[in-house]
Amino acid sequence: MGVIDVLMDLKKTGSSIKDVFSSRLEILLDEFQLQKKDLAKEIGVSAVAITKYTKGLTLPSFEVLVSIANYFNVSADYLIGLVNEPVSEHDYVYFAPIGKLNYSFKISDSETLEGQLDYIFGLTVWNMEIPKDETALNQFLCFKFSDNADNQRLYDCLFLTDELNVGYFLYKMSNQLGLPFMGEYQGVASKKSQYLANLLVWNELGIKPPVGQMPLTEPQYLATLPIPTANEHVRLNYTFTSGAMPHLQSWMAMSDQERRNLLMRRLRRIKKDYI
């Protein structure tokens, strides 16, 4: 169960705001593997104050409540039990950067493709040293097609036979993830622009050549996916693996906690520095 599932599964454990706040703060500390003294240092209160909050002895001031919400990238309304959804839709993927997307596409009157597609959301880490500053790292979103027949048929319909429009596929995936990666770049000061991501396709069987062309002796597995214009047919470059492969491998080699720390810092910056 991912952190978002845990947070949404946490029901109100008492009738008072104090009870709800204490239980939700406790689970956040646990899920983030954060000690009370470390949270206290981050938001500028004493460790004793955090202990009192988690034990339900007292409530924080409004300013401290907002600081706690901002640190964990959840809403203050969630912390005090006014809502059960901890984060907004477009922030979900920062809490669940690796997962599966359900899909169902009607290809013809006699064929509907249904299944699950792996996705990986992350930052382009240059090496195995955890960067102290994530501001220089670009976001990426990778769709991973496994070797099962359903995923391969979906891949073929998208990139070989044009039976499924790539733009429509991306629109559906964007809606399901909540990440507005289909939006237009609106400048460096735009918050919406900060949610954009470089798109990648990973095929476990290799990026396939266009119909009628011979495959390479050495298969390539990762390709960059440009966002197409309306009704544009997309052909992936099968002649060389995307230069993002080392970054993807470095990202996957990190622990869940290392990835979360980077993504939470990125999300805090987006919310704080952009409008």
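The values are calculated or read from the model by the stated rules, or taken from the named source; none is laboratory data. This structure is a prediction, so every number in the text was calculated from the model and none was measured. Glycine gets a Cβ as well: all are built from the backbone with ideal geometry, and neighbour counts include every protein chain shown. In case anyone asks, the SASA skips ligands and DNA or RNA and just uses the protein heavy atoms, side chains included. Shrake-Rupley method; radii C 1.70, N 1.55, O 1.52, S 1.80 Å.
Quick notes on this structure:
- The calculated pair-distance distribution of the chain uses every alpha carbon pair, bins of 10 angstrom beginning at 0, and gives 6, 26, 30, 21, 12, 5, 1, 0 percent.
- Summed residue charge, Cβ within 9 Å of Gln194's Cβ, Lys/Arg positive, Asp/Glu negative: +3
- When you count the other C-beta atoms within 10 angstrom of each residue and take the mean per peptide, 167-176, 22-31 line up highest first as 22-31, 167-176.
- Max mean-square fluctuation residue, GNM over the chain, Cα-Cα springs under 10 Å, options Lys191, Lys144, Lys37: Lys37
- In terms of distances greater than 24 angstrom between alpha carbons, the cross-link table entries Lys106/Lys172; Lys41/Lys271; Lys18/Lys41; Lys100/Lys191; Lys100/Lys172 yield Lys100/Lys191.
- Förster radius 25 Å - calculated FRET efficiency between Asp150 and Val83 (Cβ-Cβ, nearest 0.05): 0.10
- Our estimate of slack between Asp273 and Met245, defined as 0.36 nm per intervening residue step minus the Cα-Cα distance, is 7.1 nm.
- Here the sum of -39500 (n - 2.57) over DSSP H runs of 4 or more residues, divided by the residues of the chain, equals -11500 deg cm²/dmol at 222 nm, to the nearest 500.
- Carbon and sulfur %, accessible surface of the range 66-111 computed with the full protein complex present, 1.4 Å: 47
- Sites Asp19 and Glu218 - FRET efficiency at Förster radius 51 Å, r taken between beta-carbons, to 0.05: 0.25
- As a ratio to 2.2 N^0.38 Å, the alpha-carbon radius of gyration computed for the range 164-275 takes the value 1.26.
- Ratio of the Cα radius of gyration of the range 41-107 to 2.2 N^0.38 Å, where N counts its residues: 1.54
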